[in-house]
Structures are given as structure tokens and as C-alpha cells.
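Everything on this sheet refers to the single structure shown next.
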Amino acid sequence: RTVVMAGTPGYGLTGGGLLLWDAKSRSAVLLEHAELLPQHSTMSLAPLPDGSLLGGTTVSAGTGGEQKATLAELYVLDLGTRRVVWHQPLLAGVREYTALCALPDGRVLGVADQRRLFAFDPQARRIVHEQDLEPQFGLTTSQQGPRVFVSPAEDGRVFLLLRCGIAAIDPQDLRVRLLARAPVNVGP
């Protein structure tokens, strides 16, 4: 029923908001960055089992803008009240939570700064697994609209799009296995 869209701000600005579109009433609500996390833009989103939304931010400004925040954060948005009920910069030094993917068991897989794979437990609100992808696999793909994860397959695996090819993540132990190497670098 609700479509949520995020983005970076216009030229020269810092901090992007969220647009919540109610398909039934055909109405929209715009949440400004100051109502979410000031000076951040939402880079990634994933639904949580309780009906709330997990967001991952970027501290990068829009084109021509000035970066004002120093660490990207994860946050939980209550869709009913449209309020952030929790936020924290869980991973040290992170500038963007590039992508998020909800798993059937309630955990959320994520990638930070195109290189740090992690699993987030939304009930405990903590990182329960972390792996640096770069030494073995390089960086993930990413542009202004990142498509890093392909949602869980029938067997539960999540596919990860890397600059060097396609990998699968085992949902049990979160082991990453390269399935196919790309003949050329995928991405910038």
C-alpha cells in the first residue's frame, strides 16, 4: 500500500528526504531530512517484520553541496507515526550504507561503503556479522540508484552484484561465494 522513495537533494544542497506514497488514497507525504536525520540522505531501505522501515544513510551531499555530517547511520522509521524511533552509526568510519536486503528470518543484510557486508538484527538493533568484501571480491556495484542485492531465491540465497561478477550469500552462515566472474569491470 505504501511506496517509499528516497533520494539525494538538488544541486548545491545537503540532506535528502523521503516521499511516502499511499497507493490507496493516492496521496503523498514528504519527510524532509531535518525530520529524519539532519544533513543525511537515505541511500538504502528495507522493510522490517514489525512493519517499520530500516533506512541506511549517506553523508555525501548532492552535486555541488557541502558534506555536513561525518558518519552514515542506520535508522528505524515507524511508518504509522512517520517518526524515526532509533538511529545509530553502527559501523565506524562509514560514509554510506550502500544497500539493504531483508531476509526471511528477520535479519537485514547490508553493504556499507561498497565493501563491508554486514547482517543487522533489528530486534537487538546491532550488527551480528561483518565481512570486508574488498580483499577477496573487490567492491560492489553502485551508482546513484544502487542495485547491489538480488532478493532471496527459493533456496534462501541472496545474490550480490560485484564489480568483478556475481556472488551468492548463504543465508545460514552468510558465506559469500563467487558464482560468475564478469569479463570486464562492472561499474565505474
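The values are calculated or read from the model by the stated rules, or taken from the named source; none is laboratory data. The model shown is predicted, which means the values in this text are computed figures rather than measured ones. In this analysis, Cβ positions are derived from the backbone assuming ideal geometry, glycine residues included, and neighbour counts consider all displayed protein chains. Side chains are part of the model used for accessible areas, which takes the heavy atoms of the whole protein and leaves out ligands, DNA and RNA. Shrake-Rupley method; radii C 1.70, N 1.55, O 1.52, S 1.80 Å.
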| Matching residues, the range 96-114, being among the charged types (D, E, K, R) and surrounded by fewer than 18 Cβ atoms within 10 Å (Cβ to Cβ) | Asp105
| task | Return only the number of the condition from (1) open to solvent by 20 Å² or more (accessible area, probe 1.4 Å); (2) part of a loop (DSSP other than H, G, I, E, B) that Trp86 does not satisfy. | result | (2)
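Could you please let me know if Val29 is under 25 Å from Ser151 (Cα atoms), open to solvent by less than 70 Å² (accessible area, probe 1.4 Å) and not polar (S, T, N, Q)? Don't jump to the end; show me each part of the working.
Values: under 25 Å from Ser151 (Cα atoms): no; open to solvent by less than 70 Å² (accessible area, probe 1.4 Å): yes; not polar (S, T, N, Q): yes.
When the stated conditions are applied, Val29 does not pass them.
Residues that are over 27 Å from Ala69 (Cα atoms), outside any strand (DSSP E or B), over 13 Å from the mean Cα position of the chain (by Cα) and in contact (Cβ under 8 Å) with a residue 60 or more places away in the chain: does the range 128-144 have at least one?
No, the conditions are met nowhere in the range 128-144.
Residue-wise test of (1) of a type in the set (Gly, Ala, Ser); (2) out of contact with any Cys (no Cβ under 7 Å at 6 or more places or on another chain); (3) surrounded by fewer than 12 Cβ atoms within 10 Å (Cβ to Cβ); (4) part of a strand (DSSP E or B).
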site	(1), (2), (3), (4)
Val4	no, yes, no, yes
Leu13	no, yes, no, no
Leu19	no, yes, no, yes
Ser25	yes, yes, yes, no
Thr42	no, yes, no, yes
Thr57	no, yes, no, yes
Gly80	yes, yes, yes, no
| task | Of all residues in the range 138-188, count the ones that are surrounded by 16 or more Cβ atoms within 10 Å (Cβ to Cβ), closer than 19 Å to Phe120 by Cβ, out of contact with any Ser or Thr (no Cβ under 9 Å at 6 or more places or on another chain) and of a type in the set (Val, Ile, Thr). | result | 2
| message | Please count how many residues of the range 148-173 are within 17 Å of the chain's Cα centre (by Cα) and within 20 Å of Ala102 (Cβ to Cβ). | response | 10
| query | out of contact with any helix residue (DSSP H, G or I) (no Cβ under 8 Å at 6 or more places or on another chain), surrounded by 14 or more Cβ atoms within 10 Å (Cβ to Cβ), more than 24 Å from Ser41 (Cα to Cα) and modelled with pLDDT under 95 - does that describe any residue in the range 119-132? | reply | no
| request: Scan the range 94-122 for residues that are under 17 Å from Leu174 (Cβ atoms) and either part of a loop (DSSP other than H, G, I, E, B) or free of Cβ contacts under 8 Å to residues at least 24 places away in the same chain (or both) and jot them down. | output: Leu103, Pro104, Asp105, Gly106, Arg107, Arg115, Asp121, Pro122
| query | Do we find that Glu134 is out of contact with any Asp or Glu (no Cβ under 9 Å at 6 or more places or on another chain) and more than 22 Å from Leu30 (Cα to Cα) in this structure? | reply | yes
| Lone unmet requirement of (1) open to solvent by 60 Å² or more (accessible area, probe 1.4 Å); (2) of a type in the set (A, V, I, L, M); (3) outside any strand (DSSP E or B) for Leu91 | (1)
| request: Could you please find all residues in the range 59-78 being within 11 Å of the chain's Cα centre (by Cα) and outside any strand (DSSP E or B)? | output: Ala72, Glu73
